[in-house]
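Down below is the structure, laid out as structure tokens.
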Amino acid sequence: MVIDKLPLNNKKLTSAEKMRIWRSIPGNKEKANSRRRERYANDLEYRNKEILKRQNPIYKKKVELARRKKPINFWVRNVRDHHKIKGHIFEVSFDEMVKLCHESKNCKICHIPVSWDYVQSGITARTQQSPTLDRTNNEKVLRKDNIQILCLRCNVTKGDRTMKDFIEYCNNVAERFLIKKEVINK
Ligand SMILES: [Zn+2]
């Protein structure tokens, strides 16, 4: 194995090469990635540096390739990062969220198909049909039973309302206009 031939204390290796070997040991890559994600969520200075790095066209291309390879995994990772930055707590695992996404072909509210790859005409762009994570009752702790996948349009419309409040709002709108129609028809 490569690791045996090139021990980590070999002085001829550059730090980047040592890092590559270390990451090839099973489990280490995941360990490093999760450490990096934690830091991204909690360390503002590091986050700003990373944001600058991500504006580099080569980096952007790399990210784009990763997105196209596994759009759902990519999406879940991003969503978890953003929610952690906002101070949300995940009691639902990464794998459970990936599973939920695979089961969510349609928006839970309007039922249109959500576009997981969101690539249109070769360009990656968020559309009204892009998937978004909704906290059904707006709780800070995210669990399997209080999240759902909505299309962007429905999530923006629902806003920070709970499902109960949102349904009530829809009812009010429908009632008002149905009543109005009745009046007009008379
Ligand atoms: Zn929808």
Would you check which residues across the range 35-55 are loosely packed, with under 11 Cβ neighbours inside 10 Å and polar (S, T, N, Q) and list them? Asn48, Gln55
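Hey, can you tell me all the residues within the range 137-178 that are in a strand (DSSP E or B) and within 14 Å of the ligand (Cβ to nearest atom)? Even if it seems obvious, please write down each step before you answer.
Going residue by residue through the range 137-178, those that are in a strand (DSSP E or B) are 141-142, 147-151.
Matches in the range 137-178: Gln148, Ile149, Leu150, Cys151.
Answer yes or no as to whether Lys29 is outside the structural domain of Phe94 (by TED's automatic domain parsing) and outside any loop (DSSP other than H, G, I, E, B).
Values: outside the structural domain of Phe94 (by TED's automatic domain parsing): yes; outside any loop (DSSP other than H, G, I, E, B): yes.
It is true that Lys29 is outside the structural domain of Phe94 (by TED's automatic domain parsing) and outside any loop (DSSP other than H, G, I, E, B).
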Among the residues of the range 59-116, what is the count of those that are modelled with pLDDT under 90 and either within 16 Å of the ligand (Cβ to nearest atom) or outside the structural domain of Arg135 (by TED's automatic domain parsing) (or both)? 2
The condition from (1) over 13 Å from the mean Cα position of the chain (by Cα); (2) surrounded by fewer than 12 Cβ atoms within 10 Å (Cβ to Cβ) that Ala32 misses is numbered (2)
What single numbered condition from (1) loosely packed, with under 15 Cβ neighbours inside 10 Å; (2) modelled with pLDDT of 95 or more; (3) more than 30 Å from Arg37 (Cα to Cα) fails to hold for Lys186? (2)
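The values are calculated or read from the model by the stated rules, or taken from the named source; none is laboratory data. Treat the numbers as computed from the prediction; the structure is a model and nothing was measured. Cβ coordinates were reconstructed from backbone atoms using ideal geometry, including for glycine residues, and neighbour counts include every protein chain displayed.
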